[in-house]
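J.: This is the structure I have questions about; it appears just below.
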Amino acid sequence: MTVRHFLTLNDLTPAELQQIMQRGIELKKMRKAGEIFEPLSNQTLAMIFEKSSTRTRISFEAGMTQLGGHALFLSSNDTQLGRGEPIEDSARVISSMVDGIMIRTFGHDIVETFAKHATVPVINALTDDFHPCQLLADMQTFQEHRGSIQGKTVTWVGDGNNMCNSYINAAVQYDFNLRIACPEGYDPNMDLVNLHKGRVEIVRNAFDAAENSDLIATDVWASMGQEEEQKLRERAFADYQVTAQIMQKANPDALFMHCLPAHRGEEVSAEVIDAKDSVVWDEAENRLHAQKALLEFLMSKI
């Protein structure tokens with residue numbers, strides 16, 4: 001059987017992504033109903049963390065338990081990876097003992113190399129370039145609240161970071177239009193933008209970008225590893241806070257999303273994140289259900 005990996009949204013077809021979304025919704029209902037479903041019984045997921053985490057660790061670890069399997073937490077401090085063992089060697093050894101590998105790290109080349117040399121599915125749980133698991137949750141959340149996102153307009157406000165790059169991939173895979181409001185010098189991957197010019201555009205004014213949007217999403221101004229740039233970024237992003245005034249430019253039923261953790265008063269006002277059209281808590285919970293659907297898709301041997 002061919003091993004499938006999930007390093008970006010592009011590793012699955014649009015039909016497969018829709019299948020995982022619907023399955024995530026089903027698994028969520030089963031969980032709420034107290035139904036026991038354990039297709040990954042006696043399977044182990046190795047979770048490699050080189051960056052700190054709350055939602056990612058809890059959702060994958062709880063998800064594997066709920067699916068009948070086991071999640072093994074590994075940090076670079078606890079393994080030979082932290083002492084310079086080649087990624088290729090670690091991939092071969094770890095994948096010989098487990099049924100899946102989840103990695104949260106810095107360079108995207110690390111997960112690519114790991115996948116190339118692993119004999120089990122490898123999941124990107126965040127790199128500096130992409131965060132595809134978060135998009136699975138975001139798309140499921142939109143579906144639950146507003147129905148299909150196909151043909152809708154999404155506005156990203158803030159840094160052109162890994163989340164923004166994944167939103168570009170999502171625009172293609174889920175068939176929506178994306179506006180990116182970011183200051184010059186903080187653009188997303190321009191190769192991705194240029195590749196999808198008909199679907200993705202950069203708009204420097206956040207108010208203009210929000211016009212008639214169905215979803216507005218943002219993230220912190222300084223991601224992990226950029227803390228020393230905090231003051232510089234606060235100045236650069238001063239006009240890119242998602243406020244009630246920004247939301248008023250969007251459609252009346254527009255949703256607000258944030259992958260969390262959020263800094264109220266920086267990238268989003270407290271008024272917006274705590275408003276009725278903010279779905280950040282459902283979005284966070286859906287990391288569990290969407291990733292369970294992904295784990296079942298990649299690892300189930302039934």
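J.: Just need a number here: residues in region 107-121 that are of a type in the set (Ser, Thr, Tyr) and surrounded by 18 or more Cβ atoms within 10 Å (Cβ to Cβ).
T.: 0
J.: Would you pick out the residues in region 65-85 that are within 28 Å of Ser41 (Cα to Cα) and loosely packed, with under 12 Cβ neighbours inside 10 Å?
T.: Once the filter is applied, which keeps residues that are within 28 Å of Ser41 (Cα to Cα) and loosely packed, with under 12 Cβ neighbours inside 10 Å, region 65-85 yields only Asp78.
J.: Further question: For Pro183, which of the numbered conditions (1) crowded, with 18+ Cβ neighbours inside 10 Å; (2) more than 16 Å from the chain's Cα centre (by Cα); (3) farther than 17 Å from Ala222 by Cα; (4) of a type outside the set (Lys, Arg) fails to hold?
T.: Every condition holds for Pro183 apart from (3).
J.: When you go through Met247, Met224 one by one, which is the residue that is modelled with pLDDT under 95, under 25 Å from Met139 (Cβ atoms) and among the hydrophobic types (A, V, I, L, M, F, W, C)?
T.: Going through Met247, Met224 in turn, just one is modelled with pLDDT under 95, under 25 Å from Met139 (Cβ atoms) and among the hydrophobic types (A, V, I, L, M, F, W, C): Met224.
J.: Restricting to region 241-274, count the residues that are in contact with a helix residue (DSSP H, G or I) (Cβ under 8 Å, 6 or more places away or on another chain), over 19 Å from Ser223 (Cα atoms) and charged (D, E, K, R).
T.: 3
J.: Of all residues in region 135-153, count the ones that are in contact (Cβ under 8 Å) with a residue 60 or more places away in the chain and not in a helix (DSSP H, G or I).
T.: Summing the residues that are in contact (Cβ under 8 Å) with a residue 60 or more places away in the chain and not in a helix (DSSP H, G or I) in region 135-153 gives 3.
J.: Just one of the numbered conditions (1) closer than 21 Å to Ala284 by Cβ; (2) in contact with a Pro (Cβ under 9 Å, 6 or more places away or on another chain) is not true of Arg146; which one?
T.: (2)
J.: Residue under question is Arg104, and the condition is that it be within 30 Å of Trp281 (Cβ to Cβ), basic (Lys, Arg), within 22 Å of the chain's Cα centre (by Cα) and surrounded by 19 or more Cβ atoms within 10 Å (Cβ to Cβ); does it hold?
T.: yes
J.: Then there is this: Got a sec? Which of Val120, Val93 is in contact (Cβ under 8 Å) with a residue 24 or more places away in the chain, in the same structural domain as Met64 (by TED's automatic domain parsing) and of a type outside the set (S, T, N, Q)? Walk me through how you get there before you give the answer.
T.: Numbers: Val93 fails: in contact (Cβ under 8 Å) with a residue 24 or more places away in the chain.
When all the criteria are applied, what remains is Val120.
J.: Something else about it: Quickly run through region 110-134 and pick out the residues that are in a helix (DSSP H, G or I) and either closer than 13 Å to Ile87 by Cβ or aromatic (Phe, Trp, Tyr) (or both).
T.: Within region 110-134, Ile110, Val111, Glu112, Thr113, Phe114, Ala115, Lys116, His117 qualify.
J.: Ok, one more. From Ile202, Ile246, which residue is among the β-branched types (Val, Ile, Thr), buried (at least 17 other Cβ atoms within 10 Å of the Cβ) and within 22 Å of Asn10 (Cα to Cα)?
T.: Ile202
J.: So how many residues does region 71-100 have that are under 30 Å from Asn286 (Cα atoms) and in contact with a helix residue (DSSP H, G or I) (Cβ under 6 Å, 6 or more places away or on another chain)?
T.: Counting residues in region 71-100 that are under 30 Å from Asn286 (Cα atoms) and in contact with a helix residue (DSSP H, G or I) (Cβ under 6 Å, 6 or more places away or on another chain) gives 5.
J.: Would you call Thr127 farther than 19 Å from Phe60 by Cβ, touching a helix residue (DSSP H, G or I) at 6+ places or on another chain (Cβ under 9 Å) and among the hydroxyl-bearing types (Ser, Thr, Tyr)?
T.: Considered against the rule, which asks whether it is farther than 19 Å from Phe60 by Cβ, touching a helix residue (DSSP H, G or I) at 6+ places or on another chain (Cβ under 9 Å) and among the hydroxyl-bearing types (Ser, Thr, Tyr), Thr127 comes out as no.
J.: Another question, then. Can you tell me which residue among Glu211, Glu228 is touching a Lys or Arg at 6+ places or on another chain (Cβ under 6 Å), on the phi < 0 side of the Ramachandran plot and free of Cβ contacts under 8 Å to residues at least 60 places away in the same chain? Before the answer, list the steps.
T.: On the way: Glu228 fails: touching a Lys or Arg at 6+ places or on another chain (Cβ under 6 Å).
Answer to the check: Glu211.
The values are calculated or read from the model by the stated rules, or taken from the named source; none is laboratory data. From a predicted model like this one, the values you see are computed outputs, not experimental measurements. Note that each Cβ is placed from the backbone with ideal geometry, even for glycine, and that neighbours are counted across all protein chains shown.
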